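Peer 1: Please read through the structure below; I'll follow up with questions.
The values are calculated or read from the model by the stated rules, or taken from the named source; none is laboratory data. Computed from a predicted structure; not experimentally measured. Please note: Cβ atoms are built from the backbone with ideal geometry, for glycine as well, and neighbour counts cover all protein chains shown. For accessibility, only protein heavy atoms count, side chains too; no ligands or nucleic acids. Shrake-Rupley method; radii C 1.70, N 1.55, O 1.52, S 1.80 Å.
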Amino acid sequence: MINKIIEKINDLSKNFDEVKIMHVCGSHEHTICKYGIREVLPKNIKLIPGPGCPVCVTTQKEIDTAIYLAKKGYVITTLGDLYRVPGSYESLQSISKDYDIRIVYSVSDAVKMAKKERDKKFVYVAIGFETTAPTTASELLNLDLDNFFILNCHRQTPPIMEFLLENTKLDAFICPGHVSAITGLKPYYTLLEKYRVPLIVSGFEGIDVLLSILMILKQLYKNEIKVENEYKRVVKEEGNVIAQKIINEVFESEDKEWRGFPKIKNGGYKLKEKYKKFDIFENEDIPKMKEKIPKGCICDKILRGEKLPTDCPLFGKVCNPFNPVGSCMVSDEGTCRIFYKYKKFNF
Ligand code: SF4
C-alpha cells in the first residue's frame with residue numbers, strides 16, 4: 001500500500017513545479033525523519049518543519065524570567081524538556097545547584113508540592129499548545145492556594161499557522177494531529193476561507209503522513225481545496241469539547257511573541273480575571289528581560305521554516321544534544337534534535 005501511495009505521489013507531482021508543505025508538529029517531523037519520508041518524495045515536493053515544538057518556541061525572555069524568579073527565592077517547577085533550554089546567559093539546569101529547580105511530570109505534581117510545602121512559593125512554568133493548556137486550566141479551576149503561581153507560556157497553534165500563511169509562500173499545511181484532537185477542525189475552516197490552501201489533519205504513522213501528502217496533491221490537482229481529516233481515528237470534527245470548555249473557563253486569547261516570530265495575534269493565552277491571582281506577573285514585579293541570542297544559532301529561521309538544521313554551521317559540531325546551543329536542539333520535539341537523532345552525518 002505504501003509503495004502504491006508513493007507511486008501516486010510521484011505521478012501527481014509531475015503536474016507541479018514545486019509544492020511546499022509545512023507541518024507544525026514535532027511528532028510529524030519524527031515520523032518524516034524516522035521513515036525517511038523526504039527521501040522517498042519527488043524533489044519538487046518539499047516538506048518544511050515549522051514551529052511545532054512548544055519548548056523551542058518558548059522565548060529566551062521567558063526562560064530568563066524563570067531564572068530571575070528562581071534567584072528571587074521561588075521554587076521553579078518545570079517539565080524536563082525546558083530544564084536544559086539555554087536562556088540568555090544560563091539555563092535552569094545550570095543554576096540548579098544553587099537554586100530550587102524541580103522537574104515535574106505535570107502541573108498536578110507542582111500543585112501537590114505547593115500544598116505540602118506551604119512555607120515556600122512555587123512557580124510552574126506552563127508551556128505547551130492546546131494539548132497542555134487544558135491540564136494547566138483544570139488544575140487552576142478549583143484551586144485555593146496562595147503559594148502557587150504560573151509563568152504562563154502556553155500558546156495557540158492556528159494563529160501561528162495564519163501568520164505563516166500570510167507571510168510565507170506555502171502551498172499546503174499538514175495540521176497537527178494532537179492539537180486538532182483538542183481544537184477539532186473549526187479553526188482550519190477559518191484559515192481555509194482566507195488562504196485557500198489544502199489543510200490536512202494527519203496522524204503520526206509513516207502511512208498517515210504519506211496519505212496526507214497524497215490528499216494535498218489530489219486537492220491541488222483537482223483544484224478542490226478543502227480541510228480534510230486523515231486522522232479520523234482520533235480527531236473528531238468538533239474536537240474535545242470538554243477540554244475546550246476548561247480552556248475557555250480559565251484562559252482567554254492574547255497576542256504573544258513566539259521565539260523567531262514577532263507578537264502573534266491571539267498566539268497565546270492569558271488568565272481570565274478570576275484566575276489572575278495565579279499569574280506570577282500579578283504577584284511579582286518582574287523587570288523587562290533583554291534577551292541575548294547565541295551567535296551563529298539559526299533557531300529563529302528554522303522555526304519560521306526558512307532553513308533546515310543542516311544549514312546551521314553549529315549543527316552537530318558545537319551544538320548537539322549533550323551541549324545544546326539553541327532551543328531546537330533540546331527537546332525531543334525540536335527539529336535540530338530530531339535531525340540529529342535520525343540523520344547519519346559525518347561531523
Ligand atoms: Fe540553534 Fe543548534 Fe539548531 Fe544551530 S543546530 S539552529 S545552534 S539549535
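Per-residue answers, yes or no, for (1) surrounded by fewer than 14 Cβ atoms within 10 Å (Cβ to Cβ); (2) without any contact (Cβ under 8 Å) to a residue 40 or more places away in the chain; (3) under 26 Å from Asn266 (Cβ atoms):
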| residue | (1), (2), (3) |
| --- | --- |
| Ala181 | no, no, yes |
| Gly184 | no, no, yes |
| Arg196 | yes, yes, yes |
| Leu199 | no, yes, yes |
| Gly203 | no, yes, no |
| Ile207 | no, no, no |
| Ile225 | no, yes, yes |
| Lys232 | yes, yes, no |
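Peer 1: For the stretch 322-334, state whether one or more residues are more than 17 Å from Ile63 (Cβ to Cβ), touching a strand residue (DSSP E or B) at 6+ places or on another chain (Cβ under 9 Å) and open to solvent by 20 Å² or more (accessible area, probe 1.4 Å).
Peer 2: No, the conditions are met nowhere in the stretch 322-334.
Yes/no per residue for (1) modelled with pLDDT under 95; (2) out of contact with any Phe, Trp or Tyr (no Cβ under 9 Å at 6 or more places or on another chain):
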site	(1), (2)
Phe278	no, no
Lys295	yes, yes
Lys301	no, yes
Arg304	no, no
Val318	yes, yes
Asn323	yes, yes
Ser327	yes, yes
Ser331	yes, yes
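Peer 1: I would also like to ask the following. Could you name every one of the helices (runs of 4 or more DSSP H) located completely within the stretch 112-193 that has at least 2 residues being small (Gly, Ala, Ser), outside the structural domain of Glu306 (by TED's automatic domain parsing) and in contact with a helix residue (DSSP H, G or I) (Cβ under 6 Å, 6 or more places away or on another chain)?
Peer 2: Correct list: 133-141.
Yes/no per residue for (1) assigned to a helix (DSSP H, G or I); (2) within 8 Å of the ligand (Cβ to nearest atom); (3) touching a residue at least 40 places away in the same chain (Cβ under 8 Å); (4) surrounded by 16 or more Cβ atoms within 10 Å (Cβ to Cβ):
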| position | (1), (2), (3), (4) |
| --- | --- |
| Ile286 | no, no, yes, no |
| Met289 | no, no, yes, yes |
| Lys292 | no, no, yes, no |
| Gly305 | no, no, yes, yes |
| Lys317 | no, no, no, no |
| Cys336 | yes, yes, no, yes |
| Lys341 | yes, no, yes, no |
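Peer 1: Could I ask something else about it? For the stretch 128-141, does any single residue satisfy the condition of being under 25 Å from Arg304 (Cα atoms) and among the charged types (D, E, K, R)?
Peer 2: Among the residues of the stretch 128-141, at least one is under 25 Å from Arg304 (Cα atoms) and among the charged types (D, E, K, R), which makes the answer yes.
Peer 1: Any residue at all in the stretch 171-187 that is of a type in the set (D, E, K, R) and under 19 Å from Gly305 (Cα atoms)?
Peer 2: For the stretch 171-187, residues of a type in the set (D, E, K, R) and under 19 Å from Gly305 (Cα atoms): present.
Peer 1: Does any residue of the stretch 73-86 turn out to be closer than 30 Å to Phe173 by Cα and of a type in the set (Asp, Glu)?
Peer 2: yes
Peer 1: Ok, one more. Name the single residue that is nearest to the chain's Cα centre (by Cα) among those in the stretch 77-98 being more than 14 Å from Gln60 (Cα to Cα) and among the aliphatic types (A, V, I, L, M).
Peer 2: Ranking the candidates gives Leu79 first.
Peer 1: Moving on. State which residue is farthest from the chain's Cα centre (by Cα) when the search covers only the stretch 99-111 and only residues that are among the small types (Gly, Ala, Ser) and surrounded by fewer than 23 Cβ atoms within 10 Å (Cβ to Cβ).
Peer 2: Per the stated criteria, the residue is Ser108.
Peer 1: What is the number of the single condition among (1) modelled with pLDDT of 95 or more; (2) open to solvent by 70 Å² or more (accessible area, probe 1.4 Å) that Trp258 does not meet?
Peer 2: (2) is the only condition that Trp258 fails.
Peer 1: Hey, could you check the stretch 319-334 for residues that are in a loop (DSSP other than H, G, I, E, B) and over 26 Å from Lys20 (Cβ atoms) and say which is farthest from the ligand (Cβ to nearest atom)?
Peer 2: So the residue we want is Phe322.
Peer 1: Going by the structure shown, is Gln93 free of Cβ contacts under 8 Å to residues at least 24 places away in the same chain and not small (Gly, Ala, Ser)?
Peer 2: yes
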